[in-house]
Each structure stands twice: as structure tokens, then as C-alpha cells.
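Structure first, then comments.
The values are calculated or read from the model by the stated rules, or taken from the named source; none is laboratory data. In this text the structure is predicted, and so the values were computed from the model without any measurement. Positions of Cβ are generated from backbone atoms using ideal geometry, with glycine treated the same way; all protein chains shown enter the neighbour counts.
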There are 2 protein chains.
Amino acid sequence: MSQQESTTFRRATIIGPGLLGASIGMVLYEKRIAQQIHAYLRNEKKRQECESSLWCDRAFTELLPAIEDSDLILLCSTVDHIAELLPQVLKSAKQGALITDVGSLKEKICEIAGSSVGIEHGMFIGSHPMTGSEKNGIEHASSRIFEGKQCIVTPTGEKDKNRLDKLVSMWSSIGMNVTTMNPKRHDEIVASISHLPHLVSSSLMNAMSENKEWLKLSGNGFKDSTRIASGNPEMWLQILQGNKKNLLREIDSLKQELENFKTALKSDDCRKLICLLTNAKDLRDALNDI
Amino acid sequence: MSQQESTTFRRATIIGPGLLGASIGMVLYEKRIAQQIHAYLRNEKKRQECESSLWCDRAFTELLPAIEDSDLILLCSTVDHIAELLPQVLKSAKQGALITDVGSLKEKICEIAGSSVGIEHGMFIGSHPMTGSEKNGIEHASSRIFEGKQCIVTPTGEKDKNRLDKLVSMWSSIGMNVTTMNPKRHDEIVASISHLPHLVSSSLMNAMSENKEWLKLSGNGFKDSTRIASGNPEMWLQILQGNKKNLLREIDSLKQELENFKTALKSDDCRKLICLLTNAKDLRDALNDI
């Protein structure tokens, strides 16, 4: 936070605390960024578990009491559920509240906020904290998953400079590197750095379906390359479908790269193969320094 | 090693100690599997460095004195270099010696051994210890890279049961899980669990060439998926070319899996998408238990 005073909130509400939402709850509590933290969950048993967490002051199975009087509301469930709840949250949040989310898609979610009528301008600003794990659920939550990770914040046309500053400051103060861009650009970028890799990882696994017994021979390289294929299928269905247009373009781009290898291999074009391998290595090596 | 007595060697020679060869040298020394360890390197400066390592008794820039009187010879350089040196090693090794290698391809190397005339039957048995790292060089060597990792040993037609037992016992005693199979089968399997993932990882990086600036936003998922693209291009050129036939088939198989995703996405076939994602997740989850 350098010289700046830390942004704090009197009351924050986590909507749908799973791995990411509960981790945010923990870090807001530990760093005293929110004085009081509420949570909203649909399931009564999970509500009770959540309320027994140190970071959670009160947990509700009804939306309105959960967000009442909150000055920071974070929608932390899946993309479809965020889209479903957002209009109600926007309508019911108190004046001056800052509303954000953690969804992997921003264009669709920000459009919903933009087209909601009768709400304050700039009340909602989308966020995409790029952290987490292939694991799910509150039991895997940790306040340490944010440090040094990237967070994309997507303000839209009608900005509220004060709210944007607060939001950026909040993510920064939990250790994230914040970049702002428009929602359309966000979706293009994550199609190539996140959604395509997931689909490729899944495809590598699916290609093994006929030879499952070979998997026991696989080493760390294979395991790392395919780790993300363990992600939640329901969650990824929503993401892949929601970013269909960008993703179809990315699939074609990867197929072209595979074709380049294939052509060079078939024709024993060593110079081309070395170029392809070296270009990939140089790009990947540079990533270690970021 | 359970009840069995450990196999030990009076003198072992590491031919071409890089990351893998020097790691083998270290572990043979630490576990007292070889009483004396020699090394062969072409470069005088590297020879001196190698000889100053604790595990290395003597290092040579000439092959014959390096392997003289050795009862275990390990060829640890690149596939092409192993293929080049093997006939000379077979001809010059002392009677009764056990010769193996660590190359990622087995069919080509075992064929060379099989077609060498005038040598003892079963003198050479191919090995592929599946460990290492995307890093290269003696300075990254470690005796701890073997524990729990897979090693494929590829005896061919004319087996020498005693030598095979010794070789399996040697890899087991440094902590590896050993599987034996014929060289052809080995090359088919590694095409899908190692060589295709490398090529896919490289293709994911190459697909980012036009948008390098997006890479700074990538998270752990992307980084893990592409880690192996940092491998040495010269080494991978030899591997990809040497396993061309199997690899071309694997590329087509992956392209088909990508096409399955594309078709399902285009037609909004949620059921199919969930099937593809769930099949991949189930296969990948099972890998955590191996």
C-alpha cells in the first residue's frame, strides 16, 4: 500500500463462499480490511459450517439480510450464478456500496450490470482475481493464495473514480497485481491464457481414454501439463460456453500450431522444428522472470 | 530392496554426465552402489569440473580409458550421441559388463545394440529413467530425483537373465519403480505420455507469439501447462524426429479431441461438453492416486 492509507470497509458480504470466496473472507479478516464479514449461502448445512469459520461473523441463507448495510459485496459463485444474482444484489445493496465479483468471464457479467435500470452509476465493477486451485470448497480456502497473483479489474463506460480506486486498492492490499482493462479485452485474453489451456489439458487426458494403463508410467511433465483438467466440470462448462466465440478462434489457432509441427516433422525440416521449439522455449523461459 | 541383497558394482562409468548422468553418479556414490565412478566428457573444462565432484573418482575426455574395466556403463547423453557412441562402447567394454543408457527412445538404440556384431549377447539392455527437469547441466544434478519415479527397462530378444536382474535391481535400489517392456512398445507409450505433451506445451506457447504482452497476466494453470516447453530444443529435436511415426499419430489423435470440443461448443451441446470435461477430470484425478 506504499504511502497510501489502506481502504477499509465497515461490512463486507461474500456471496457464495467456495474456495475463492472463503479465501477472500479470510484475508479481509486477517488484514483487517473489513470490520465485519457476512456470507450468503443457499445450503443450511454449509451456512452453519461457514458461520463457524473465524472470518465469518454471520452467514445467511437469504440474500437480503446478508447484503443489508454492506459497503463491499463480492459475488464469488460460478459465472451463471453470479449473472443470476447480480440484478437482485444491485437493486438491494445500500447506496454507495461497492459491488464486485470474481467470475472468469467479464463481458456477460458487466453487461448485466450495465443494463440494470434504476441503479447508481458505477456501483458494480467486475474483477477477476486469477488464483485458486483445481480443488473446490471452503475446506481448501487459504488467505495465502493471493500474494503475487494477477487480478484483472474491468471498469466500464460509466466510471466512478472513487469506487474504482477503492476496488484496486482492496485487491492490492491483499497482495495482488492489479491490471485494469475493458471486459471484452479481458475475455479475449483469458480465452488464450486460461480457457484454451484448460481445454487442451482436458484433450490430452481424453486422448488417453483408450490407454488408461499407460498413465501409471507418466512423469511430472505429463502431470503438470494436465493438472488443470481436474477442475470442476460444471464450472468449466459455464466458462467455455460463455466465452465460446473467443475460444473457437483459440482452438483453431492451436490446431494451426500443431499442424506446423506436423508438417515440419513429416518433411524432416530440422530447421523449422528447431525454430518452433526455440520460440516456445524463449517465450516460456521469459515467463519465469515475470 | 526388500530381502534381496543390493546389487553393487566395482566400477561404474557415466558417459556424458549432464543433469541426469551426474544425478545417477551422485546416487550411485551416496548409496554405495558403485565403489568407484568414472566419467567420460568431450570437453576438457567440463571434465575438470566433473572430476571435482564428490561422486566422480576420475573423468576422461577419451572413451577407452573411461570405460576400461567398468562393470556398469551408463550412456547418459542425448539420443543421437548415445546412438553414435554405443557400437564403440559395446566393442570396448570388458567381458561381462552391463551396459545401459537413459535415452528417451528405445527402438532405435536397441536396434543398434542388436545389430552390433561380435559382442556378447545381452550385454546391452536399454533403460529410460523418467525423471529430470526442464533444466540442463551437471550444476542442477541431484541424487533425489529418482525416488518414486518410473523407469522403463527394455530387454530384447536375446535376454541375459542375470544382467536384466542386476539392471532392474540397480534402478530399484535408487528408488525407481521399474517396468519392463519391449522397445517398440516403449516408444509408442512415451509418444503419448511424454512427447505429445511436450509438443502441445510448445504449441500453446507458440500460439502466444502475437500476444506476448498477455503472458504477464498468466496464472499457475498456464505456467504448469507449459513448463516442459522450456526443455532443450536440440535434445527435443532428436526425440521428436526419432519418434516421428508414433508422434504423427498422436498429433492426429489430439487434434480429434480438440475437434470434439469444438463441435460440442459450436452446437451448444452441454451434455457432450460435460462428458468431455468429466472424462478428463476422472482420468486426471485417478493420476493423483498413483
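For the stretch B:8-93, please list each of the strands (runs of 3 or more DSSP E) lying entirely inside it that holds at least 2 residues being more than 27 Å from B:I239 (Cα to Cα).
Per the criteria, B:9-15, B:34-40, B:58-60.
Among the residues of the stretch B:209-241 satisfying the criterion of being of a type outside the set (A, V, I, L, M) and closer than 16 Å to A:K272 by Cα, which is surrounded by the most Cβ atoms within 10 Å (Cβ to Cβ)?
First, the residues of the stretch B:209-241 that are of a type outside the set (A, V, I, L, M): B:209-214, B:216, B:218-227, B:230-234, B:236, B:238, B:241.
Right, trim to closer than 16 Å to A:K272 by Cα and you get B:209, B:232-234, B:236, B:238, B:241.
On the way: B:S209: 12, B:N232: 19, B:P233: 20, B:E234: 13, B:W236: 25, B:Q238: 22, B:Q241: 17.
Result: B:W236.
Could you check, for the stretch A:217-225, whether at least one of its residues is out of contact with any Pro (no Cβ under 6 Å at 6 or more places or on another chain) and in contact (Cβ under 8 Å) with a residue 12 or more places away in the chain?
no
Take the conditions under 30 Å from B:S203 (Cβ atoms), outside the structural domain of A:W236 (by TED's automatic domain parsing) and not hydrophobic (A, V, I, L, M, F, W, C) and apply them to A:G132. Does it pass? Walk me through it before giving the result.
Details: under 30 Å from B:S203 (Cβ atoms): yes; outside the structural domain of A:W236 (by TED's automatic domain parsing): yes; not hydrophobic (A, V, I, L, M, F, W, C): yes.
In short, yes.
Please name all residue pairs, on different chains or six or more residues apart, with Cβ atoms under 6 Å, provided the first residue is in the stretch A:174-185 and is within 19 Å of A:G148 (Cα to Cα) and the second residue is surrounded by 17 or more Cβ atoms within 10 Å (Cβ to Cβ) and aromatic (F, W, Y).
From the stretch A:174-185, the pairs are A:I174/A:F146; A:G175/A:F146; A:M176/A:F146; A:V178/A:W171.
Looking at the stretch B:204-219, which of its residues are polar (S, T, N, Q) and under 14 Å from A:H198 (Cα atoms)? Break it down stepwise before answering.
The initial filter retains those residues of the stretch B:204-219 that are polar (S, T, N, Q), namely B:206, B:209, B:211, B:218.
Passing the criteria: only B:S218.
Can you report the number of residues in the stretch B:25-60 which are of a type in the set (D, E) and closer than 23 Å to B:S92 by Cβ? Let's see the steps before the verdict.
Here is the first cut: in the stretch B:25-60, the residues of a type in the set (D, E) are B:30, B:44, B:49, B:51, B:57.
From the residues that got through so far, the ones that are closer than 23 Å to B:S92 by Cβ too are B:44, B:51, B:57.
Counting residues in the stretch B:25-60 that are of a type in the set (D, E) and closer than 23 Å to B:S92 by Cβ gives 3.
Answer yes or no: is there a residue in the stretch B:255-269 that is within 21 Å of A:E234 (Cβ to Cβ), buried (at least 20 other Cβ atoms within 10 Å of the Cβ) and either of a type in the set (S, T, N, Q) or more than 7 Å from every other protein chain (Cβ to nearest Cβ) (or both).
Here is the first cut: in the stretch B:255-269, the ones within 21 Å of A:E234 (Cβ to Cβ) are B:257, B:260-269.
Next cut, buried (at least 20 other Cβ atoms within 10 Å of the Cβ) only: B:257, B:261, B:264-265.
Checking which are either of a type in the set (S, T, N, Q) or more than 7 Å from every other protein chain (Cβ to nearest Cβ) (or both) leaves us with B:264.
Yes, the stretch B:255-269 contains at least one residue that is within 21 Å of A:E234 (Cβ to Cβ), buried (at least 20 other Cβ atoms within 10 Å of the Cβ) and either of a type in the set (S, T, N, Q) or more than 7 Å from every other protein chain (Cβ to nearest Cβ) (or both).
Give the residue that is farthest from B:G157 (Cα to Cα), with candidates limited to residues of the stretch B:94-119 that are at pLDDT below 90 and in a helix (DSSP H, G or I). I'd like the intermediate steps shown before the answer.
So the first thing to find is which residues in the stretch B:94-119 are at pLDDT below 90, and the list is B:114-119.
The next check asks that each one be in a helix (DSSP H, G or I); those that pass are B:114-115.
Working: B:G114: 9, B:S115: 12 Å.
Step by step, filter the stretch B:94-119, then rank; the result is B:S115.
B:E250: under 22 Å from A:G221 (Cβ atoms) and of a type in the set (D, E, K, R), yes or no?
So B:E250 passes the test.
Looking at A:I125 and the list (1) out of contact with any Phe, Trp or Tyr (no Cβ under 9 Å at 6 or more places or on another chain); (2) crowded, with 22+ Cβ neighbours inside 10 Å; (3) touching a residue at least 60 places away in the same chain (Cβ under 8 Å), which single condition is not satisfied?
(3)
Within the stretch B:93-122, take every residue that is surrounded by 15 or more Cβ atoms within 10 Å (Cβ to Cβ) and of a type in the set (G, A, S) and give me the one that is nearest to B:R227 (Cα to Cα).
In this case the residue turns out to be B:S104.
Tally up the residues in the stretch A:178-220 that are within 9 Å of chain B (Cβ to nearest Cβ) and in contact with a Gly (Cβ under 7 Å, 6 or more places away or on another chain), please.
Selection size over the stretch A:178-220: 3.
Pairs please, first residue from the stretch A:237-248 and within 11 Å of A:L196 (Cα to Cα), second anywhere and part of a helix (DSSP H, G or I) and of a type in the set (D, E), Cβ atoms under 8 Å, 6+ apart in sequence or on different chains.
A:N243/A:D187; A:N246/A:D187; A:N246/A:E188
Could you check the stretch A:242-254 and list, in sequence order, the residues that are at the interface with chain B (Cβ under 10 Å from one of its Cβ atoms), in contact with a helix residue (DSSP H, G or I) (Cβ under 7 Å, 6 or more places away or on another chain) and assigned to a helix (DSSP H, G or I)? Break it down into steps so the answer makes sense when it comes.
The first filter runs over the stretch A:242-254 and keeps only residues at the interface with chain B (Cβ under 10 Å from one of its Cβ atoms), leaving A:243-245, A:247-248, A:250-254.
Filter once more, keeping what is in contact with a helix residue (DSSP H, G or I) (Cβ under 7 Å, 6 or more places away or on another chain): A:243-244, A:247-248, A:250-251, A:254.
Listed by number, the residues that qualify are A:K244, A:L247, A:L248, A:E250, A:I251, A:L254.
B:K216 is checked against (1) part of a helix (DSSP H, G or I); (2) more than 25 Å from B:G25 (Cα to Cα); (3) in contact with a Cys (Cβ under 7 Å, 6 or more places away or on another chain) and fails just one. What number does that condition carry?
Single failed check for B:K216: (3).
Under the condition of being more than 7 Å from chain B (Cβ to nearest Cβ) and of a type in the set (S, T, N, Q), which residue from the stretch A:221-240 is nearest to A:L105 (Cα to Cα)?
A:Q238
Looking at the stretch A:171-189 only, could you name the residues that are buried (at least 21 other Cβ atoms within 10 Å of the Cβ) and either out of contact with any helix residue (DSSP H, G or I) (no Cβ under 8 Å at 6 or more places or on another chain) or not in a helix (DSSP H, G or I) (or both)?
Residues satisfying the conditions are A:W171, A:I174, A:M176.
Among what's in the stretch B:123-148 and is in a loop (DSSP other than H, G, I, E, B) and under 11 Å from the mean Cα position of the chain (by Cα), pick the residue that is modelled with the highest pLDDT. Steps first, please.
Step one: list which residues in the stretch B:123-148 are in a loop (DSSP other than H, G, I, E, B), which gives B:123, B:125, B:131-137, B:141-148.
Checking which are under 11 Å from the mean Cα position of the chain (by Cα) leaves us with B:131-133.
Working: B:T131: 91, B:G132: 80, B:S133: 73.
The extreme case among them is B:T131.
Hey, can you tell me all the residues within the stretch A:158-168 that are out of contact with any Gly (no Cβ under 8 Å at 6 or more places or on another chain) and either surrounded by fewer than 18 Cβ atoms within 10 Å (Cβ to Cβ) or on the phi > 0 side of the Ramachandran plot (or both)? Show your work before the answer.
Looking only at the stretch A:158-168, we keep the residues that are out of contact with any Gly (no Cβ under 8 Å at 6 or more places or on another chain), and these are A:161-162, A:165-168.
Within the stretch A:158-168, A:K161, A:N162, A:D165 qualify.
Residue by residue, here is whether (1) among the acidic types (D, E); (2) at pLDDT below 95 holds:
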residue: B:S202; (1), (2): no, no
residue: B:A207; (1), (2): no, no
residue: B:S218; (1), (2): no, yes
residue: B:N232; (1), (2): no, yes
residue: B:K244; (1), (2): no, no
residue: B:D252; (1), (2): yes, no
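Any idea which residue in the stretch B:66-99 is farthest from B:A39 (Cα to Cα), counting only those that are touching a Ser or Thr at 6+ places or on another chain (Cβ under 6 Å) and not aliphatic (A, V, I, L, M)?
The qualifying residue farthest from B:A39 (Cα to Cα) is B:P87.
In the stretch A:147-157, what count of residues is obtained for those that are surrounded by fewer than 21 Cβ atoms within 10 Å (Cβ to Cβ) and within 19 Å of A:G122 (Cα to Cα)? Let's see the steps before the verdict.
We begin by selecting, within the stretch A:147-157, every residue surrounded by fewer than 21 Cβ atoms within 10 Å (Cβ to Cβ); these are A:147-150, A:156-157.
Now restrict to residues that are within 19 Å of A:G122 (Cα to Cα): A:156-157.
Total meeting the criteria: 2.
Any residue that is buried (at least 18 other Cβ atoms within 10 Å of the Cβ), facing chain B (nearest Cβ under 8 Å), at negative phi and among the charged types (D, E, K, R) - is there at least one of those in the stretch A:276-284?
Yes, the conditions are met somewhere in the stretch A:276-284.
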